[in-house]
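A.B. asks: Below are the structure tokens for one structure; questions will follow.
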Protein chains: 2
Amino acid sequence: MPGPIQSLERAAAILRLLAGGERRLGLSDVASSLGLAKGTAHGILRTLQQEGFVEQEPVSGKYQLGAELLRLGNSYLDVHELRARALVWTDDLARSSGEAAYLGVLHQDGVLIVHHVFRPDDSRQALEVGAMHPLHSTALGKVLSAFDPVAHNEVAEHERAALTARTVTGAAELEAVLDLTRARGWAADLEETWEGVASVAAPVYDRRRMPVGAVGITGAVERVCDESGIQARLVAAVRDCARAVSRDLGAARF
Amino acid sequence: MPGPIQSLERAAAILRLLAGGERRLGLSDVASSLGLAKGTAHGILRTLQQEGFVEQEPVSGKYQLGAELLRLGNSYLDVHELRARALVWTDDLARSSGEAAYLGVLHQDGVLIVHHVFRPDDSRQALEVGAMHPLHSTALGKVLSAFDPVAHNEVAEHERAALTARTVTGAAELEAVLDLTRARGWAADLEETWEGVASVAAPVYDRRRMPVGAVGITGAVERVCDESGIQARLVAAVRDCARAVSRDLGAARF
DNA sequence: CGATGAAGGTCGACATTGTCGACCGACGCA
DNA sequence: TGCGTCGGTCGACAATGTCGACCTTCATCG
């Protein structure tokens, strides 16, 4: 396999640096963070700016991400087949469950949210499309970790942060949770990611019966749970939705 | 000014090609569309794939945009100061007007939607963050064209498509509309972009009193208009919101 | 069923291209 | 007024990306 293109790798590293770090970075910050000569970093930044991938504050000269990324990210959603198929079903899921519905796919070491339907009753909710959620503590993440071998590797190799007192961080305990998930075909998150918030999710399969994503709902624990855990009707609604999307994608009947 | 980096320009062109064109493109399509040797195109695509900016369908080998773009686009929103300041005000605007509220900025030859609050009452609305709207026919676009010289150049130089029977396409007529917009400080779109849909928008200024974006509302023409055009209370609500955001950004009092 | 063409991908020689580090002017601070 | 740091430029050098021929695979078609 021939080598990758150096300047592109560096440009990608710069974009990630700008995305992850502080709000705005100066040229020298970028250069020293990545171990590049200032001239080199400047050339890359200048080109990225010209293409709209980064913007420069005219006063201070600091750099930040550019609008073209938002446009391209939106185009990604348009092309995404899983998302297109799931649109109508997740809408129904949110309506019937009364909670916010999510569609996520594996991306790097997390769950990338590619669709989000707001909870029907309420307003003032932040949109989370494009956000990343952890693999080891969310219902979506556990489903992917349980059914997708690549996700399983990721969750096994990465540090698992204790986000709340209930987060499962031990390798053996997590493995047991994933076994349970595989056995029953769905996963739950009972205040393991955010205090007071619970979620349920189930896997979506493509035409070759490979897991390609997960759908789920998230809501306040007192609405979503009863004395025995997640309410059975919500689990059923989520699983029905996952099956419906899978069928839309061409997976064989269950 | 030293030259831009060739491989980066080409990579950006490939991403735009994938974003704009058909759903998926093969290696040869990409190479011939951009006039590149197959080997060259392959090297760039391989690197972009490695970085997550494009994905390759394992069967068929065709390429499409990758998930990393969505993640970075989302990070762009996090960093965007105008958007951060506008979040709460546009929320209020949607609530008080009962219509969907939008925040847009100039990007290339269009309006890039960076925030969108759903209409409060109804569900089943498509999210439009990341979408591009035309400059010459939408209220947001007219506001930007009227107050931002760069946007004015763009709208003057580009072809203005007739999206509906009411779209203003002539240069002189558009200029008159923009003059009116400048004079009264807001713009309207009465079924000039979509049949049955009207919108109002007003400009947002930064601390140096430079126009940096526009806020507006959009809704069915029978709800938004009365016999004299856009309802006065809606115009007032939009202008109040724009002033509030501008004040938040540090613009002097009006 | 073998020929054919077009697909994605690889390879190695070449010289274009991006990189490096010294340098420049501007700004802010003491 | 001088120092330190900032963003940005310049030119030499060779590392780097590019090109076009070539390989394998697959679907098509005579």
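Every number here is computed from the coordinates shown, using simple stated rules; none is lab data. Computed from a predicted model, the values in this text were never measured in an experiment. Note: ideal-geometry Cβ built from the backbone for every residue, glycine included; neighbour counts use all protein chains shown.
A.B. asks: Region A:14-60: which GluC sites (Glu not before Pro) are DSSP loop and have at most 16 other beta-carbon atoms within 10 angstrom?
C.D. replies: Values: sites: A:GLU22, A:GLU51, A:GLU55; in loops: A:GLU22, A:GLU51.
Of the GluC sites (Glu not before Pro), the ones in loops of region A:14-60 whose Cβ has at most 16 other Cβ atoms within 10 Å are A:GLU22.
A.B. asks: Another question, then. Within chain A, which is the longest segment that contains none of the trypsin sites (Lys or Arg not before Pro) sitting in a DSSP loop with at most 14 other Cβ atoms within 10 Å? Working shown, then result.
C.D. replies: Values: sites that count: A:ARG23, A:ARG124, A:ARG166, A:ARG207, A:ARG208, A:ARG209, A:ARG253.
It works out to A:24-123.
A.B. asks: I need the GluC sites (Glu not before Pro) found in region B:105-213, filtered to DSSP loop residues with at most 13 other beta carbons within 10 Å of theirs.
C.D. replies: Answer in residue order: B:GLU159, B:GLU195.
A.B. asks: Take every Cα pair under 8 Å in chain B that's 6+ residues apart, average their separations, divide by the length, and report that relative contact order as a whole percent.
C.D. replies: This gives 14 percent for chain B.
A.B. asks: I've got another one for you. Computed over the Cα atoms of region A:6-70, what is the ratio Rg over Rh, Rh following Kirkwood?
C.D. replies: Looking at region A:6-70, the ratio lands at 0.91.
A.B. asks: What are the nm distances, shortest first, from B:ALA126 to its equivalents in the other copies, labels at 7 Å along Cα→Cβ?
C.D. replies: Distances between equivalent label points, in nm: 2.7.
A.B. asks: Say the dipole of region A:192-231 comes from +1 at the beta carbon of Lys and Arg and -1 at that of Asp and Glu; which of A:VAL224, A:ALA214, A:THR193 then lies farthest toward its positive end?
C.D. replies: Final value for the positive-end residue is A:ALA214.
A.B. asks: A:ALA232 to A:VAL79: FRET efficiency via 1/(1 + (r/R0)^6), r the Cβ-Cβ distance, R0 30 Å, to the nearest 0.05? Walk me through the numbers before you get to the answer.
C.D. replies: Numbers: r = 37 Å, r/R0 = 1.22.
Approximately 0.25, to the nearest 0.05.
A.B. asks: Please work out the Kirkwood hydrodynamic radius for the protein assembly as shown, using every pair of different C-alpha atoms, and report it in angstroms with one decimal place.
C.D. replies: By the Kirkwood definition, the hydrodynamic radius is 24.4 Å.
A.B. asks: I've got another one for you. Would you mind listing the distances between the A:GLU9 label point and the same position in each other copy? Use 7 Å along Cα-to-C-beta, nm, one decimal, shortest first.
C.D. replies: 2.4
A.B. asks: If you don't mind, another one. Under a crude label model (7 Å from the Cα following the beta-carbon direction), how far is A:VAL150 from A:ASP121 in nanometres?
C.D. replies: Result: 3.9 nm between the two label points.
A.B. asks: Just round it to a whole percent: the fraction of Cα-Cα distances in chain B exceeding 28 Å.
C.D. replies: When all Cα pairs of chain B are counted, 43 percent exceed 28 Å.
A.B. asks: Place the label 7 angstrom along Cα→C-beta at A:ARG207 and in each other copy, then list the distances from the first to the rest in nm, shortest first.
C.D. replies: Ordered by increasing distance: 5.6 nm.
A.B. asks: So what J values fall out for region A:92-106 if you push phi through Karplus, 6.51 cos²θ - 1.76 cosθ + 1.60 with θ = phi - 60°, rounded to Hz, Gly and Pro as x?
C.D. replies: Listing the rounded values in order: 4, 4, 5, 5, 6, 8, x, 10, 6, 10, 10, 10, x, 10, 5 Hz.
A.B. asks: Take the rotation relating chain A to chain B, measure from its axis to every Cβ in chain A, and name the nearest residue with the distance in whole Å.
C.D. replies: Residue and rounded Å distance to the axis: A:GLY73, 1.
A.B. asks: Using +1 at the C-beta of Lys and Arg and -1 at the C-beta of Asp and Glu, which of A:MET132, A:GLY170, A:VAL150 has the Cα lying farthest in the positive direction of the dipole of chain A?
C.D. replies: Positive-end residue among those listed: A:VAL150.
A.B. asks: Mean-square fluctuation check for chain A, GNM, Cα pairs under 10 Å: which of A:VAL150, A:VAL238, A:VAL224 is largest?
C.D. replies: A:VAL150
A.B. asks: Using 7 Å Cα-to-Cβ label points, what is the A:THR40/A:ASP248 separation (nm, one decimal)?
C.D. replies: Inter-label distance under the simple model: 4.6 nm.
A.B. asks: Quick one: Karplus J couplings for region A:225-242, per residue in order, coefficients 6.51, -1.76, 1.60, θ = phi - 60°, nearest Hz, x for Gly and Pro?
C.D. replies: Whole-Hz 3J(HN,Hα) from phi for region A:225-242: 9, 10, 4, 9, x, 4, 4, 4, 5, 6, 4, 5, 5, 5, 5, 4, 4, 4.
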